[in-house]
């Protein structure tokens, strides 16, 4: 299931067929206005390879708590307290007229393990034990005329024992009565991590997609640079259903993935997508940057394929995604399967 250029080229005719009947976001259909976000949203993501997969290996668990503001222009009125008004005013000044700006914060952790987690001494040819614990800040710019969203994100954190991967995994195993993962003493060493990410998204939709039955297509391209993850990526998502939210798609846990927008009332939609990455560095596979550590030869091209269902209203949204991630290192037995649950509250 390796993501490859020849296979991706076969997608081009299908994408053109999908895009043909869609209306670009720079000529939005005439629809009744949706109530704007007053303050923003809070989202919780939980990803685990036990969701409809039954495994405990490779990318085994992810957690992310994020908050994304409404447009910062909402916070520049004199009725807003001085501190947030000062921040909103100065950040809003960074975007040109005709654009909205938003600010987001996040806290997350990713956990990775080999196949044989009940062996005290892991197989050196298998994926190393590793965890990435981080905080992030994202600044988004949305061009109202073209419908293009730009997201700039910085993540600061740590890999190694300080990322608490073993404590979280084995603590949860204690709660559900499952044997411990025995090899965490052989994980990647402690190392501070810094990652910078940029992503641009484009959205196209059929007339009335956000107020009735319709579909949309969201494409994205971006890059991440840092000692933890360095890659370039491209991808797309297709959604179809009733009252699809006017956001920028349903995302797995990754930098620059969050977006928010309420809908007029209850809505439901199905979605499917793909994200392909050209990977230059992945510390969870390559090992530590400045000292010897466990590592395996990584693959330079990786892809995520996903399908799912979303339900929501003006004040909440629930999505479930089933994902397949192609092999990430030489010798990997099979692709990774995991599920992702996200819950978003709008306020």
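Rule-based calculations on the coordinates, nothing more; no lab input. Given the structure is predicted, the values throughout are model-derived calculations rather than measurements. Positions of Cβ are generated from backbone atoms using ideal geometry, with glycine treated the same way; all protein chains shown enter the neighbour counts.
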- Quick one: work out Rg over Rh on the C-alpha atoms of segment 5-346, Rh as Kirkwood radius. 0.98
- Between segment 239-286 and segment 137-190, how many Å separate their Cα centres? 17 Å
- Rounded to the nearest 10 degrees, the helix 165-176 long axis (Cα) sits at an angle to the longest Cα principal axis of the chain of 90 degrees
- Message: Mean-square fluctuation check for the chain, GNM, Cα pairs under 10 Å: which of 170, 260, 195 is largest?
- Response: 170
- Message: Place a point 7 Å from Cα of residue 180 in the direction of its Cβ. Which residues in segment 95-136 have their backbone N less than 20 Å from it?
- Response: 111-123, 128-132
- Message: Modelling each spin label as a point 7 Å along the Cα-to-Cβ direction, I'd like the residue 300/residue 154 distance in nm, to one decimal.
- Response: 3.1 nm
- Message: Test of understanding: in a Gaussian network model of the chain with alpha carbons linked when under 10 Å, which of 224, 43, 97 would top the mean-square fluctuation ranking?
- Response: 97
- Item | Approximate spin-label separation residue 123-residue 83, in nm, with each point projected 7 Å along Cα-to-Cβ | 5.2 nm
- Can you tell me the relative contact order of the chain? Whole percent, Cα pairs under 8 Å, sequence separation 6 or more. 18 percent
- Message: Please compute the contact order of segment 117-243 in relative form: average sequence separation of alpha-carbon pairs under 8 Å and at least six residues apart, divided by the residue count, as a percent.
- Response: 23 percent
- Task: Go from 0 up to the bin containing the longest alpha carbon distance in segment 82-145, width 5 Å each, and give me the % of pairs per bin.
- Result: 4, 13, 15, 12, 10, 8, 8, 7, 7, 7, 8, 2
- Query: Relative contact order of segment 229-347: what whole-number percent is it, with Cα pairs under 8 angstrom and at least 6 residues apart?
  - Reply: 23 percent
- Calculate I(q)/I(0) for segment 185-284 by the Debye formula, one identical point scatterer on each C-alpha and no solvent, and give its log10 at q = 0.16, 0.19, 0.20 Å⁻¹ to two decimals. -0.73, -0.89, -0.95
